[in-house]
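Engineer: Here you go, one structure.
The values are calculated or read from the model by the stated rules, or taken from the named source; none is laboratory data. Owing to the predicted nature of the structure, the values given are computational and were not obtained by experimental measurement. All Cβ positions, even for glycine, are placed from backbone atoms using ideal geometry, and neighbour counts span all protein chains on display.
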Amino acid sequence: MAFETLVTVSWWMILPLSFVGSLLHFTFDWTGHNRLAAIFSAVNESYWEHIKIAIWPVVLLQIILFAAGGYQYPAFLPAATIALYSLPISMIGIVFLYKSITKRNILWLDIATFFVIIAVAQTLFVLVLEQLDPSWVTVVFAVVFLGGLLVAFLRFTLRPPSEPDVFIDPITEKYGLHAHPDYEILKKTCYE
């Protein structure tokens, strides 16, 4: 894949990534509470679950771009890592900023924030990809940090840490699958 194509696809994917991430808010319920879907979908209303539905579409795009020729560019993995780490940072930063002013969540601001953070991540990816000439050490660090991020997002839905700011569902005041409104039914049918 030509470098210009890689950049163009990254820009054009901002809206589709935002829409896919928005749909992931509902796929756990749509799949009949499938445990595999839980890893990629929101299972409660915590910040973690909302960050997760932003992470996975961008990860999928990065995998596709890497396989389609992104591997040719040494800056690809560091750029992807920085873009992915920007998602939780920018989401928490923007949401906490507007909530400090409004004192509550506002649905249209939450949705707008979601689109903004995807745009920020894609912008950072393109800028780093264009401007970074990484050493092999930088690439190795990027791979390690990328691996850590992916492991966390694979693990923390099913076994979230008891951390009250990011992982707790503000409605049920529970964590992970336990916070889902249908958890008692899920527990009886298939999860425990």
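Engineer: Identify, by number, the condition in (1) in contact with a helix residue (DSSP H, G or I) (Cβ under 7 Å, 6 or more places away or on another chain); (2) not in a helix (DSSP H, G or I) that residue 121 doesn't meet.
Structural biologist: It is condition (2) that residue 121 fails.
Engineer: For the list (1) within 17 Å of the chain's Cα centre (by Cα); (2) crowded, with 18+ Cβ neighbours inside 10 Å; (3) modelled with pLDDT under 95; (4) not basic (Lys, Arg), I need the number of the one condition that residue 55 fails.
Structural biologist: For residue 55, the exception is condition (3).
Engineer: Residue by residue through the stretch 51-75, note down the ones that are without any contact (Cβ under 8 Å) to a residue 40 or more places away in the chain and of a type in the set (Ser, Thr, Tyr).
Structural biologist: Of everything in the stretch 51-75, just one residue is without any contact (Cβ under 8 Å) to a residue 40 or more places away in the chain and of a type in the set (Ser, Thr, Tyr), namely 71.
Engineer: Of the residues in the stretch 6-50, how many are in a helix (DSSP H, G or I), among the β-branched types (Val, Ile, Thr) and either in contact with a strand residue (DSSP E or B) (Cβ under 7 Å, 6 or more places away or on another chain) or without any contact (Cβ under 8 Å) to a residue 60 or more places away in the chain (or both)?
Structural biologist: 4
Engineer: Checking residue 95 against (1) under 30 Å from residue 4 (Cα atoms); (2) under 18 Å from the mean Cα position of the chain (by Cα), only one condition comes out false. Which one?
Structural biologist: Of the numbered conditions (1) under 30 Å from residue 4 (Cα atoms); (2) under 18 Å from the mean Cα position of the chain (by Cα), the odd one out for residue 95 is (1).
Here is a yes/no grid of residues against (1) small (Gly, Ala, Ser); (2) at pLDDT 95 or above; (3) under 26 Å from residue 154 (Cβ atoms); (4) not in a helix (DSSP H, G or I):
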| position | (1), (2), (3), (4) |
| --- | --- |
| 59 | no, yes, yes, no |
| 65 | no, yes, yes, no |
| 77 | no, yes, yes, no |
| 84 | no, yes, yes, no |
| 98 | no, no, no, no |
| 104 | no, no, no, yes |
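Engineer: Pairs only if they're at least six apart or on different chains, beta carbon under 8 angstrom, first in the stretch 142-156 and outside any helix (DSSP H, G or I), second surrounded by 14 or more Cβ atoms within 10 Å (Cβ to Cβ) and modelled with pLDDT under 95; list them, first residue then second.
Structural biologist: 156/48; 156/167; 156/176
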